[in-house]
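Report on the structure given below.
The values are calculated or read from the model by the stated rules, or taken from the named source; none is laboratory data. As the structure is a computational prediction, the values presented were derived from the model and not from experiment. Cβ placement follows ideal geometry from the backbone for every residue including glycine, while neighbour counts extend to all protein chains displayed. These accessible areas exclude ligands, DNA and RNA; they are computed on the full protein's heavy atoms, side chains included. Shrake-Rupley method; radii C 1.70, N 1.55, O 1.52, S 1.80 Å.
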Amino acid sequence: MTEEIIIAGFGGQGVLSMGKIMIHSAVMQDLEVSWMPSYGPEMRGGTANVTVIVSTERISSPILRQFDTAIILNQQSLDKFEGSVKQGGTLIYDTNGITRHPERKDISVYSIDAVEEAGKMNNPKIFNMIVLGGYLKIKPIIKTENVVKGLQESLPERYHHLIPLNQQAIERGMEIIRKVSES
Amino acid sequence: MERELRLMKGNEAVAEAAIRAGADGYFGYPITPQSEILEYLMGANPMETTGMVVLQAESEVAAINMVYGGAGCGKKVMTSSSSPGISLKQEGITYIAGSELPCLIVNVVRGGPGLGTIQPAQSDYFQAVKGGGHGDYHLIVLAPASVQEMADFVDLGFELAFKYRNPVMMLSDGAIGQMMEKVWLSPQKERSKTVPEWATTGKPPTRERNIITSLELNPDNQEKFNQKLVEKYNRIRENEVRFEEFQCSDADYLLVAYGTSARICQKSVQLARGEGLKVGLLRPITLFPFPSKRLSELAEKVSLMISVEMSAGQMVEDVLLSVNGKVPVYHYGRMGGIVPTPDEVVAFLKSKIIGG
Amino acid sequence: MAEVTGIKEIIKPENLVYKRTSVMTDETLHYCPGCGHGTVHRILAEIIDEEGLQSETIGITPVGCSVFLYHYLDIDSQEAAHGRAPALATAIKRLMPEKFVFTYQGDGDLAAIGTSETIHACNRGENFLIIFINNGIYGMTGGQMAPTTLPGMKSSTSPFGRDVKTMGNPLKMTDIVATLPGTYYVTRQSVHTPANVRKTKKAIRKAVQYQKLNKGTCFVEVVSNCPSNWKMTPVQANKWMEENMFPFYPLGDLKDPEKQSTEQK
Ligand SMILES: Cc1ncc(C[n+]2csc(CCOP(=O)(O)OP(=O)(O)O)c2C)c(N)n1
Ligand code: SF4
Ligand SMILES: [Mg+2]
């Protein structure tokens with residue numbers, strides 16, 4: 001099994017940390033991982049993305065231009081990465097602020113209103129965990145219990161009291177993700 | 001003691017490995033994409049645990065000269081930077097080489113020339129391998145291709161530096177520096193208490209005074225010294241060549257690549273083999289000394305070689321020298337912070353098979 | 001129908017109260033919200049415009065967040081290596097003494113890696129203007145400690161706060177260069193309120209006049225902010241600056257012979 005993912009959105013949306021939680025969780029399952037961020041000044045308020053690879057095999061190239069799954073959190077990123085999803089691949093996006101929706105017919109498209117849901121849950125910071133939950137519903141490559149362990153590994157101790165809330169967000173994400181179209 | 005599994009960025013791995021290797025000192029100046037090394041060390045505060053000195057210098061020139069001073073005292077000292085900062089360090093590096101001092105210099109390469117880009121590149125190969133500063137000298141150059149190797153080569157780098165009294169450069173790039181992977185960290189080593197006999201630590205009555213210098217006004221003596229360096233470099237060529245082969249045993253075509261490019265080429269090999277092309281990859285781990293002998297042997301077996309680099313074609317010159325005309329050698333490269341994709345490499349290979 | 005005033009009718013030359021300075025290009029500034037760099041750029045542009053200096057000006061830009069100053073000012077510019085701007089300016093001004101030459105530098109650029117270039121240019125009394133943006137941090141590289149970082153202030157390379165015992169004390173470059181005979185006019189300003197913007201503009205205009213009169217090095221420090229790396233909102237950042245930076249870096253002239261002589265009279 002190899003799953004090649006791009007996560008893209010605004011800087012400060014928790015794009016990079018969502019990727020980090022993924023790899024920490026995957027390691028709990030003895031999987032091989034790599035996490036390759038975009039870096040540089042464009043991250044200040046601009047766009048940020050990270051390539052995450054999770055695999056049962058040794059990972060060769062950490063840098064890719066084609067992905068099994070794209071997790072898209074703003075319009076700029078949708079414009080940039082819709083074309084980079086492999087045929088038959090998956091695109092998950094938050095509709096918040098999206099004016100031009102995905103158009104490809106050869107991939108499966110899912111939407112998740114995570115920004116809205118995070119608002120309802122009174123905590124904008126758990127937005128990325130809702131998205132992660134949605135992703136794991138579609139691609140159950142990592143068990144939720146391992147995500148909790150991954151959170152323990154990747155979060156500093158002083159945030160550990162927030163883990164139950166994060167777990168709730170993941171579960172909520174699993175519930176609210178919906179299919180838009182299938183390849 | 002057990003090794004410890006962590007998920008880290010390449011830059012963080014260098015920093016953690018330095019503490020664990022028992023380094024005595026790190027001196028650096030911020031520059032993207034390697035500032036995490038200094039940041040990590042400042043956060044880890046190893047002065048409290050191992051007694052390692054960590055200092056943010058006022059410039060790269062100052063940082064490398066701090067390394068020079070520390071190395072002259074026989075200490076395990078290091079610095080890190082990225083391309084523009086490494087250029088500034090060249091003066092200090094040639095003095096360190098000329099004084100035969102051990103140290104570790106990490107270059108997390110970004111694209112140039114000039115300020116260039118902060119994105120990954122391999123355009124400092126010539127600078128690292130062929131000199132960089134003035135005078136006849138070589139650095140031992142290690143090229144990590146994973147976060148694991150960024151950690152491992154700190155220890156290896158210090159070991160080689162002290163074995164040969166020669167500066168060692170770890171030639172990494174922005175991609176390996178910034179990416180996170182699994183890394184097995186070695187247990188904490190004690191900082192060394194032994195003082196090399198050449199170190200300037202204060203002259204006791206029991207020995208002659210030690211002088212660290214690269215100055216020799218008498219040409220006869222200077223030539224003897226140069227000769228001594230040449231002999232040292234030949235010993236290094238004889239004993240320290242390191243490389244990794246990937247599906248080379250039955251290969252008709254050979255890719256040669258180091259660092260990030262080698263990771264990409266591994267995937268290219270898989271893709272090409274999927275299409276029935278027998279491709280192999282030779283990954284130099286030491287760039288100086290270069291695996292020339294092995295390439296020369298492989299040139300008897302394969303029908304062409306491609307040097308894949310994130311540069312305008314630098315390592316390809318060493319491949320050409322090694323192969324000495326036995327088979328055609330091509331260069332495939334992307335520049336300016338662009339990283340080639342595995343399928344681009346395969347497409348280039350095919351064009352050469354059909355074309356050639 | 002006649003009652004409705006169209007927008008076109010409002011935009012008339014006689015109604016104009018504020019416009020983009022012609023010396024600024026159309027390029028969108030890349031600075032974070034609330035950052036002082038953009039304000040100082042505008043002041044510079046206005047002065048170059050008002051003094052009719054556009055065709056006379058060579059600007060030397062630093063390595064730092066303001067590295068792209070040359071995109072924003074419609075003037076001839078040279079991009080120096082990190083810290084070396086005063087060296088470039090020295091040669092430029094000496095080769096073309098009739099031109100208006102300035103450097104624009106951050107605290108890392110001017111007071112760390114470029115300390116030597118700064119001090120020696122000032123000590124030689126090179127006849128150009130140095131604009132020094134002191135935000136107490138390395139902005140561009142992501143918030144590392146600068147030579148000007150305040151004691152106890154946190155940065156990514158002083159995560160427990162600047163410990164002056166091991167990291168040294170903040171360097172008051174402006175105070176140092178004021179002691180050098182080569183500097184003529186040395187002042188410290190800010191741009192966080194309209195009143196301060198006007199004062200900074202006055203200071204820079206003065207420096208321009210002094211350069212015309214071949215008086216020697218003029219040095220204008222602007223105590224500024226970095227909301228992003230200070231991890232504050234723009235308003236918090238300015239408040240923090242007033243409460244913490246100004247006591248350490250007090251605003252005002254450190255050296256102005258002409259003011260002294262008038263005061264003494
Ligand atoms: C030789 C060299 N070393 C390091 C760097 C990386 N670098 C770029 S900007 C900068 C510091 C900028 O800080 P400052 O001068 O205070 O400007 P600010 O961004 O805060 O305005 C550094 C260290 C570089 N470009 N060149
Ligand atoms: S990082 Fe700081 S200095 Fe740079 S633009 Fe943003 S606020 Fe200004
Ligand atoms: Mg600054």
For B:53-62, what's the mean count of beta carbons from other chains sitting within 10 Å of each residue's beta carbon?
5
Hey, in the GNM for chain A with a 10 angstrom Cα cutoff, which one of A:Ser60, A:Ser84, A:Ser154 fluctuates hardest?
A:Ser60
Using a Gaussian network model of chain C whose springs link C-alpha atoms within less than 10 Å, name the residue from C:Gln144, C:Gln54, C:Gln236 with the highest mean-square fluctuation.
C:Gln236
With the convex hull built on the Cα atoms of chain B, state its orientation-averaged projected area in nm².
19.2 nm²
What length, rounded to one decimal in nm, is gained on full extension from A:Glu103 through to A:Lys125, with 0.36 nm per residue of separation minus their alpha-carbon distance?
5.0 nm
Principal-axis tilt of helix B:60-72 within chain B, Cα atoms, nearest 10 degrees
60 degrees
Ordering of B:56-67, B:98-109, C:11-22, B:332-343 by packing [mean C-beta count within 10 Å, highest first]
B:98-109, B:56-67, B:332-343, C:11-22
Would you mind giving the total buried accessible surface between chains B and C, with a 1.4 Å probe and ligands, DNA and RNA left out, rounded to the nearest 100 Å²?
1300 Å²
Chain A: equivalent-ellipsoid semi-axes (sqrt of 5 x gyration tensor eigenvalues, Cα, Å):
22, 20, 16
With both partners inside chain C, how many of the DSSP beta bridges are antiparallel, as a percent to the nearest 5?
20 percent
Starting from the Cα coordinates of the range B:1-127, work out the convex hull volume and express it per residue in Å³.
117 Å³
Rel. contact order, % - alpha carbon contacts under 8 angstrom, at least six apart, chain B
18 percent
Under a crude label model (7 Å from the Cα following the beta-carbon direction), how far is A:Lys179 from C:Tyr18 in nanometres?
5.5 nm
What is the helix-to-structure angle for B:35-44, meaning the angle in degrees between its Cα long axis and the longest Cα principal axis of chain B, kept from 0 to 90 and rounded to the nearest 10?
50 degrees
How much length, in nm to one decimal, is gained on full extension between B:Ala347 and B:Arg191, taken as 0.36 nm per residue of separation minus their Cα-Cα distance?
51.2 nm
Taking every DSSP bridge whose two residues both lie in the range B:244-355, the antiparallel percent to the nearest 5 is 20 percent
Carbon and sulfur %, accessible surface of the range A:2-181 computed with the full protein complex present, 1.4 Å:
49 percent
Rh (Kirkwood, all Cα-Cα pairs) for the range B:117-265, Å, reads 18.7 Å
Cross-link reach list, aspartates and glutamates versus B:Lys75, counting only Cα pairs under 16 Å and skipping chain neighbours closer than eight places:
B:Asp24, B:Glu100, B:Asp155, B:Glu159, B:Glu190, B:Glu197
Between A:Glu153 and B:Glu216, Cβ-based FRET efficiency (R0 56 Å, step 0.05) works out to 0.50
Antiparallel bridges, percent of DSSP beta bridges restricted to chain B (to nearest 5)
30 percent
Taking the Kirkwood radius as the inverse of the mean 1/r across Cα pairs, report the Rg/Rh of chain C.
1.00
With label points set 7 Å from each Cα along the Cα-to-Cβ direction at A:Arg58 and B:Thr201, the distance between them in nm comes to 4.0 nm
Most fluctuating residue given options B:Lys278, B:Lys228, B:Lys203, as computed from a GNM of chain B linking Cα atoms under 10 Å:
B:Lys203
Ignoring ligands, DNA and RNA, what percent of the accessible area of the range C:30-264 is carbon or sulfur (1.4 Å)?
56 percent
Considering only Cα-Cα distances, which of the following residue pairs are longer than 29 Å: B:Lys182/B:Lys232; A:Lys125/B:Lys182; C:Lys12/C:Lys212?
B:Lys182/B:Lys232; C:Lys12/C:Lys212
By how many nm would the segment from C:Lys165 to C:Arg124 grow when fully extended, if each residue of separation counts as 0.36 nm and the alpha-carbon distance is taken off?
11.5 nm
Taking Lys and Arg as +1 and Asp and Glu as -1, residues besides A:Thr95 with C-beta under 12 Å from its C-beta add up to -2
Given N residues in the range A:95-183, what is Rg(Cα) / (2.2 N^0.38 Å)?
1.17
Taking the Kirkwood radius as the inverse of the mean 1/r across Cα pairs, report the Rg/Rh of the protein assembly as shown.
1.00
Per 5 Å bin, what percent of the C-alpha pairs of the range B:244-355 does each bin hold, from zero upward?
2, 13, 27, 28, 21, 8, 1
